[in-house]
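Novice: Attaching a single structure in structure tokens format; questions to follow.
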Amino acid sequence: MAFFLSEKSFPTILNSDNSLSVCAARLIIHSSTQKDDHHLLDIFHLIKLREYKTMNKPKLDNYKKALKTLDEAMENAPVSLLERDGSIQRFEYCLEVSWNSAKKVLEFHEFKSETPRNIFRELARIGWIDNPDSWIEFLEARNKTSHIYHEEVAKELYSIIPKFLKASHQLLSVLEEKLK
């Protein structure tokens, strides 16, 4: 029994819910009936690429955990100076995890960006976020975190966290969707 598959059907077959071995069997049956070894080799490479990408899919666990800790820190307002400074520190590492997670998901989809600013610009360019300027503002705020001993700077940093949380939860949702 042979299945006829056009090249247009390969992505459908490879993205179906069937196991890779079932997809491979279907494609091999098709190739063997066509006496086309080159075609068979291309199919093999497509399947191996799919297996590699599946095994090396970026994980977003650290991003989720970082966001959860920042959410928890921001639940209890008003806060003491110590709690405020702890929230600012959580903002700092949460932002680091966010751009690193975005970078890994971009790389998974074969986009290349190295610096945090370029990563957020790329996310906006491909439509995954609406406004890179907000993220660049968060990056600039992060650069000020070593100056939280200045009361005005600390207040400014703390006030940006709710906006960051909203944007960060939206980004996490997009990244999760792009990994499905």
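Laboratory data are not the source of any read-out in this text; all were calculated from the coordinates shown. As the structure is a computational prediction, the values presented were derived from the model and not from experiment. Quick reminder, even Gly has a Cβ in these numbers, built from the backbone with ideal geometry, and neighbours come from all protein chains shown.
Novice: Just to be sure, is ALA66 touching a Cys at 6+ places or on another chain (Cβ under 7 Å), closer than 16 Å to GLN170 by Cα and buried (at least 20 other Cβ atoms within 10 Å of the Cβ)?
Specialist: It is true that ALA66 is touching a Cys at 6+ places or on another chain (Cβ under 7 Å), closer than 16 Å to GLN170 by Cα and buried (at least 20 other Cβ atoms within 10 Å of the Cβ).
Novice: Which one of the conditions (1) crowded, with 16+ Cβ neighbours inside 10 Å; (2) of a type in the set (Ser, Thr, Tyr); (3) outside any helix (DSSP H, G or I) does TYR149 fail to meet, given that it meets all the rest?
Specialist: Going through the list (1) crowded, with 16+ Cβ neighbours inside 10 Å; (2) of a type in the set (Ser, Thr, Tyr); (3) outside any helix (DSSP H, G or I), TYR149 breaks only (1).
Novice: Taking the range 121-145 as the search range and keeping residues that are in a loop (DSSP other than H, G, I, E, B) and crowded, with 16+ Cβ neighbours inside 10 Å, which one is farthest from the chain's Cα centre (by Cα)? Walk me through it before giving the result.
Specialist: Taking the range 121-145 first, the residues in a loop (DSSP other than H, G, I, E, B) are 126-131, 144.
Among the residues that remain, those that are also crowded, with 16+ Cβ neighbours inside 10 Å are: 128-129, 144.
Details: TRP128: 10, ILE129: 11, LYS144: 25 Å.
Filtering the range 121-145 for residues that are in a loop (DSSP other than H, G, I, E, B) and crowded, with 16+ Cβ neighbours inside 10 Å, the one farthest from the chain's Cα centre (by Cα) comes out as LYS144.
Novice: While we're here: Residues in the range 73-85 that are in a helix (DSSP H, G or I), over 26 Å from the mean Cα position of the chain (by Cα) and either surrounded by 11 or more Cβ atoms within 10 Å (Cβ to Cβ) or hydroxyl-bearing (Ser, Thr, Tyr) (or both): how many?
Specialist: Counting residues in the range 73-85 that are in a helix (DSSP H, G or I), over 26 Å from the mean Cα position of the chain (by Cα) and either surrounded by 11 or more Cβ atoms within 10 Å (Cβ to Cβ) or hydroxyl-bearing (Ser, Thr, Tyr) (or both) gives 3.
Novice: A further question on this structure: Name the single residue, out of those in the range 105-114 being touching a helix residue (DSSP H, G or I) at 6+ places or on another chain (Cβ under 9 Å) and of a type outside the set (A, V, I, L, M), that is surrounded by the most Cβ atoms within 10 Å (Cβ to Cβ).
Specialist: SER113
Novice: Condition first: closer than 22 Å to ASP61 by Cα and among the aromatic types (Phe, Trp, Tyr). Now tell me which residues in the range 123-180 satisfy that.
Specialist: TRP128, TRP135, PHE138, PHE164
Novice: Give the residue, chosen from ASN100, ASN118, that is under 18 Å from VAL174 (Cβ atoms), in contact with a helix residue (DSSP H, G or I) (Cβ under 9 Å, 6 or more places away or on another chain) and assigned to a helix (DSSP H, G or I).
Specialist: None of the others qualify; the one that does is ASN100.
Novice: If the requirement is being small (Gly, Ala, Ser) and under 16 Å from GLU140 (Cα atoms), which of these qualifies: SER113, SER98, SER87, SER80?
Specialist: After applying the criteria, what remains is SER98.
Novice: Scanning for something assigned to a helix (DSSP H, G or I), more than 19 Å from LYS65 (Cα to Cα) and acidic (Asp, Glu), does the range 157-179 turn up at least one residue?
Specialist: Checked against the condition, which is being assigned to a helix (DSSP H, G or I), more than 19 Å from LYS65 (Cα to Cα) and acidic (Asp, Glu), the range 157-179 yields no hits at all.
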